[in-house]
Amino acid sequence: MQNKDNWKETKYFLNNGKIKLNLKHINSRSVFLNFTILKAYHRIINKYSSGLLLDCGCGHVPYYSMYKNLVKDNYCVDWDTSSNKNQYLDKIANLNESIPYQDDMFDTVLLTDVLEHISNPKNLVSEINRVLKKGGKVIITVPFFYWIHEPPHDFFRYTEFSLTNFCEENNLKIIELESYGGLPDVMLDLFNKAFISNPHIAKLYLSFCKIISGTFFYKRFRKNTLRSFPLGYYLVAEKM
């Protein structure tokens, strides 16, 4: 990653070894979603990141604090956003076409909430497989129940079945494939997006969500609807 010394935490920050939300850098309409995904993303990134890591579609590298002490080095690749220069990029690339690195180079590839923005997703998964070393891991996260974002570059929503298909076509062995959120989480997120845009109210709403989501009834409701009404998915697969 370029300019490591200039990197600053944005959506998430470390506090006494724990990852927490930084509400100053999160859209008020998405505070509940970020609260929901934080534990899942942190767990899988912490568990499977190693060696040389490619942060693919990295943006401003919001997950760097989660993996920086686990990897030998990290490379960052993303689109050309000329209007807002990204100082952390090692290479600029059109991810619909190719990943500009050699075969069998990386131990880990991180693709967080990027695949829905790719018009040719099968090609990107194939490219990830190409740049992974044998035994290397790819970590993919995607939304499912989520509003249109970054238009016009918002093309798909995926199910566990399409993600499985991507892996089977590329000889990737699935280690974990899980949904996160259930119907009650979808409902709280939709309410957040529809009605809560003020940062102060968003903070209060998040406190309310933390309380209600910890109740027995809520957890049971989530468990019973996790597969039929997911907020999204996370996938970890290994190159065979």
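Just to be sure I understand the filter: pairs with C-beta atoms under 8 Å, separated by 6 or more residues or on different chains, first member in segment 61-74 and assigned to a loop (DSSP other than H, G, I, E, B), second member among the aromatic types (Phe, Trp, Tyr). Which pairs pass?
Pairs that qualify, where the first residue is assigned to a loop (DSSP other than H, G, I, E, B) and the partner is among the aromatic types (Phe, Trp, Tyr), are VAL61/TRP7; VAL61/TYR88; PRO62/TYR12; TYR63/TYR12; TYR63/TYR41.
Can you list residue pairs whose Cβ atoms sit under 8 Å apart, with the first residue in segment 185-212 being under 13 Å from THR36 (Cα atoms) and the second being assigned to a helix (DSSP H, G or I) and charged (D, E, K, R)? Count only pairs 6 or more apart in sequence or on different chains.
Listed by first residue and then by second, the contacts come to ASP185/ARG222; ASN192/ARG29.
Give the residue that is nearest to ASP113 (Cα to Cα), with candidates limited to residues of segment 157-201 that are charged (D, E, K, R) and part of a helix (DSSP H, G or I).
GLU160
Criterion first (charged (D, E, K, R) and in contact with a His (Cβ under 7 Å, 6 or more places away or on another chain)) does GLU160 satisfy it?
Working: charged (D, E, K, R): yes; in contact with a His (Cβ under 7 Å, 6 or more places away or on another chain): no.
Answer is no for this residue.
So, PRO230, is that one outside any helix (DSSP H, G or I) and touching a Phe, Trp or Tyr at 6+ places or on another chain (Cβ under 9 Å) or not?
Criteria met by PRO230.
So, in segment 161-176, how many residues would count as being aliphatic (A, V, I, L, M) and touching a Ser or Thr at 6+ places or on another chain (Cβ under 9 Å)?
Within segment 161-176, residues that are aliphatic (A, V, I, L, M) and touching a Ser or Thr at 6+ places or on another chain (Cβ under 9 Å) number 1.
Scan segment 2-18 and report the pairs whose first residue is in a helix (DSSP H, G or I) and whose second residue is surrounded by 10 or more Cβ atoms within 10 Å (Cβ to Cβ), with Cβ atoms within less than 9 Å and a gap of 6+ or a chain change.
As it stands, the answer is LYS4/TYR64; LYS4/LYS68; LYS4/ASN74; LYS4/TYR88; ASN6/GLN87; ASN6/TYR88, since those pairs meet every condition given.
Just give me the residues in segment 125-156 being assigned to a helix (DSSP H, G or I), hydrophobic (A, V, I, L, M, F, W, C) and in contact (Cβ under 8 Å) with a residue 60 or more places away in the chain, in sequence order.
ILE128, VAL131
Read-outs: derived from the displayed coordinates by stated rules, not from any lab. The structure presented is a predicted model; accordingly, all values stated were derived computationally and were not measured. Using ideal geometry, Cβ is built from the backbone for each residue, glycine included, and neighbour counts are taken over all protein chains shown.
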